[in-house]
Amino acid sequence: MIKQYYMPTQILMGDDCVKSSSPMFLKMGKKALIVTGKHSAKINGALDDVTEVLSSNGQEWALYDRVMSNPTIESIYEGAAFAKSENVDFVVAIGGGSPMDAAKAINLLTCQDIPMDKLYEGQYSDKILPMIMVPTTAGTGSEVTPYAILTNDRLQTKKSIGSPILFPQIAVLDAKYMDNLPKEITINTALDALSHSIEGMLSLRANPITDSIARESIRRISLCFNGLKSGQLTRMQRFELLYASTLGGMVIANTKTTAVHSLGYSLTYFHDIDHGRANGLLLGEFLRYIEKNWPERVNEILSVMGMSTVNEFIVLLDELLGEKERLTDEQIEKYVSIAAKSANVKNCPIVPDTDELIKIFKNSMNR
Ligand code: NAP
Ligand code: FE
């Protein structure tokens, strides 16, 4: 397999960088579709900052603020109908992974007529509107990835659409929007970012460039472990987490994710467990499984976190995650059979079979 690194997204970061990026917004077009979740963008100041910049540039906008967590395929078609009726010529997404992913998919369906049953076939043309992403959680890295992960009721799981045309043009990183991010969402999203970088190092597509970025992302997140435990994070630490999550996005944009993500999707789909928490619940036992066949790699990951054993990592995850949800054996078998069909499970030099996936799941949830 030829390994490659590709990252076309321009990244702007620093205090008040939405406002100082005003000339970049101006170049994007005449009328923006702003995509957000229901509440947070209006409360954390990000929506005000963006609309102030657009107003001062003389640009118009239409606000689509109906994105729910884990957006469904149906909701994307609804968003695209709105975007078409508003004649927008660029897209600004503000929020966590859900609004950012929704914005990418809405953009695709605004520019291209793709029936629902063909959405996953990936036969897209190049038509797409330019996008700016303003992340307000530090986890998914969606601001720098070519994926939109959608809830797929037919397959009873979450499944991503992916194409280089879905890379945003610009990502604007300002940690101030996360000042009041609740402790639980901060932990869950940080674990998503950590999972991206760790899974990236365990991916078949890992290469020296993604490894360097992943190690740096893991290192920065681990500097915040104590702050995550206490729930006391300075603005500087918030920025560390945001930067580390963007690095994690740069990793998975090239390596994709592995079994942790595909198993975790069932926890979200069937039990409404947050995406990052779902990954955090499974990550430790997945690492323990990989260690049996690839101990040098796991030691490398642990040492970046200042740890010497997988158990030490699991103790930390347990502390961050608190009481765990319990599952029946039947549920676990069903979720493993769904995950086993996904490409992510095979995206690792050590591919777990069904029995091993069941073991990872049981040890993770019902220990
Ligand atoms: P999210 O679903 O986007 O947001 C979770 C919650 O956090 C929402 O209630 C949201 O409120 C709130 N929130 C967001 N920013 C906030 C802030 N600054 N202050 C207070 N509350 C805030 O969660 P997420 O973990 O960021 O994203 C998860 C999604 O991303 C999943 O669908 C996952 O599959 C996907 N994902 C995508 C990629 C990719 O590469 N594209 C990678 C990993 C995960 P509002 O709804 O009011 O905004
Ligand atoms: Fe993720």
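The values are calculated or read from the model by the stated rules, or taken from the named source; none is laboratory data. Here the structure is a predicted model, which is why all the values come from computation and not from measurement. Here the Cβ positions follow ideal geometry from the backbone for every residue, glycine too, while neighbour counts run over all protein chains shown. The accessibility values were calculated without ligands, DNA or RNA, using every heavy atom of the protein model including side chains. Shrake-Rupley method; radii C 1.70, N 1.55, O 1.52, S 1.80 Å.
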- Dimensions (Å) - region 247-367, Cα atoms, principal axes, largest first: 36, 30, 27
- Message: Could you report the chain's accessible area per residue, 1.4 Å probe, as an integer in Å²?
- Response: 41
- Message: Take the residue pairs 3/324; 3/31; 38/84 and return only those whose Cα atoms are more than 28 Å apart.
- Response: 3/324; 3/31
- What is the helix-to-structure angle for 208-222, meaning the angle in degrees between its Cα long axis and the longest Cα principal axis of the chain, kept from 0 to 90 and rounded to the nearest 10? 90
- Task: Kindly list the residues of region 52-89 that lie in the label zone of residue 127, defined by a backbone N under 17 Å from the point 7 Å along the Cα-to-C-beta vector.
- Result: 77, 80-89
- Message: Of 8, 56, 196, which is farthest towards the positive pole of the chain's charge dipole, taken about the Cα centre with +1 and -1 on the beta-carbons of Lys, Arg and Asp, Glu respectively?
- Response: 8
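Give the Rg/Rh ratio for region 183-285, taking Rg as the radius of gyration of the Cα atoms and Rh as the Kirkwood radius, to two decimals. Before the final figure, lay out each step's value.
Values: Rg = 13.1 Å, Rh = 13.5 Å.
Value, to two decimals: 0.97.
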- Total charge dipole magnitude, region 255-367, about the Cα centre, Cβ charges on Lys, Arg, Asp, Glu only, Debye to nearest 20: 280
- Task: Give the ranking of 120, 265 by solvent-accessible surface, highest area first, calculated with a 1.4 Å probe.
- Result: 120, 265
- Task: For region 1-101, give the magnitude of the charge dipole about the Cα centre (Cβ charges: +1 Lys/Arg, -1 Asp/Glu; no others), in debye to the nearest 20.
- Result: 240
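Would you mind calculating the relative contact order of the chain from Cα pairs under 8 angstrom and at least 6 residues apart, reporting the percent as a whole number?
Working: 683 pairs, mean separation 59.0, N = 367.
That works out to 16 percent.
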- Query: Dipole of region 309-367 (Lys/Arg Cβ +1, Asp/Glu Cβ -1, origin at the Cα centre): which of 358, 347, 310 lies farthest to the positive side?
  - Reply: 347
- Query: For region 82-133, what is one quarter of the convex hull surface built on the Cα atoms, given in nm²?
  - Reply: 3.8
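Tell me the net charge near residue 313. Cut-off is 12 Å between Cβ atoms, residue 313 excluded, with +1 for each Lys or Arg and -1 for each Asp or Glu.
Working: positive: 288; negative: 285, 291, 312, 318, 319.
Summing Lys and Arg as +1 and Asp and Glu as -1 gives -4.
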- Note on the structure: region 116-189, Kirkwood Rh and Cα Rg, ratio Rg/Rh at 1.04
- Item | 5 Å binning of all Cα-Cα separations within region 98-255, expressed as whole percents from 0 upward | 2, 10, 18, 20, 18, 16, 10, 5, 2, 0
- About its Cα centre, what dipole magnitude does the chain give when the only charges are +1 on Lys and Arg Cβ and -1 on Asp and Glu Cβ, stated in debye to the nearest 20? 360
- Message: At a threshold of 8 angstrom on Cα-Cα distance, excluding pairs fewer than six apart, so keeping six or more, what relative contact order does region 167-232 reach in percent?
- Response: 34
- Note on the structure: Here the FRET efficiency for residue 236 versus residue 296, based on Cβ atoms and R0 = 41 Å and rounded to 0.05, is 0.80
- Query: In nm, to one decimal, how far is the residue 363 label point from the residue 341 one, both placed 7 Å along Cα→Cβ?
  - Reply: 2.7
- Task: Round to the nearest 10 and give me the degree value, 0 to 90, for the angle of helix 275-293's Cα axis relative to the longest principal axis of the chain.
- Result: 40
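Counting every Cα pair in the chain, what percent are over 36 Å apart? Don't jump to the answer; show the numbers that get you there.
On the way: 11518 of 67161 pairs.
Tail of the P(r) past 36 Å holds 17 percent of the pairs.
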- Message: As a test of the formula, what do you get for the chain when each DSSP H run with n ≥ 4 contributes -39,500 (n - 2.57) and the sum is divided by the residue count, at 222 nm and rounded to the nearest 500 deg cm²/dmol?
- Response: -16500 deg cm²/dmol
